[in-house]
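We did not get these values from a lab; they are worked out from the coordinates using the rules stated. In this text, all values refer to a predicted model and were calculated from it rather than measured experimentally. All Cβ positions, glycine included, derive from the backbone under ideal geometry; neighbour counts span all protein chains shown.
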């Protein structure tokens, strides 16, 4: 299992981090998860998730049934927090600049049969996945990993509202899918759009389900 984490990561600290995501952190939310059984329990997987709040990553980190190496913006890797993120196997990514080192490290994790998590929007926003970066598609195509979309809603406090007590957070895991292995830049652009469309469709499905419940 150690080969499924980046070099320098501590497997036992990784498990402590997952426990924090499952127990102390989630005590502040009412998490409703569906589709977890769709997640392959073996082999390389690229999780792609929408992103609207800082707690999306920690919640998914604890919820998903496998060790996950997330690509996280470099600004989070400062001081003690940065040291801990590296020790639990997370990878720092510079936004808005070519940064192959974390992608190559993630590629190595996948080739060892591990799991990598990507927020393809590249930054927090509405979480509707109107745009997507190419990193997730590149990782999946270069390693043969399957892609699993994950929609997360409820972590973002609506503008103008007061702090909420244990808000409901819904997580919906979609069906795994494979990307075509065609070569070339245009093929990567097409694969990236496929990732974006699958994830955006899943988010819209979850929004519809939440609307029906409320």
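Considering the range 2-213, its Cα convex hull presents a mean projected area of 11.7 nm².
Each peptide in 184-192, 17-25, 47-55 gets a packing score, the mean of other Cβ atoms within 10 Å over its residues, and the list from highest to lowest is 47-55, 17-25, 184-192.
Counting DSSP beta bridges in the chain, what percent are antiparallel, to the nearest 5?
20 percent
Entry note, the range 122-207: relative contact order of 42 percent, from Cα contacts under 8 Å with a spacing of 6+ residues. Over the range 1-159, Cα pairs under 8 Å with separation of 6+ residues give a relative contact order of 36 percent. Size descriptors for the range 1-88, from the alpha-carbon set: Rg then Dmax equal 13.2, 37 Å. For the pair residue 111 and residue 27, the difference between a 0.36 nm per residue extended length and the Cα-Cα distance amounts to 26.8 nm.
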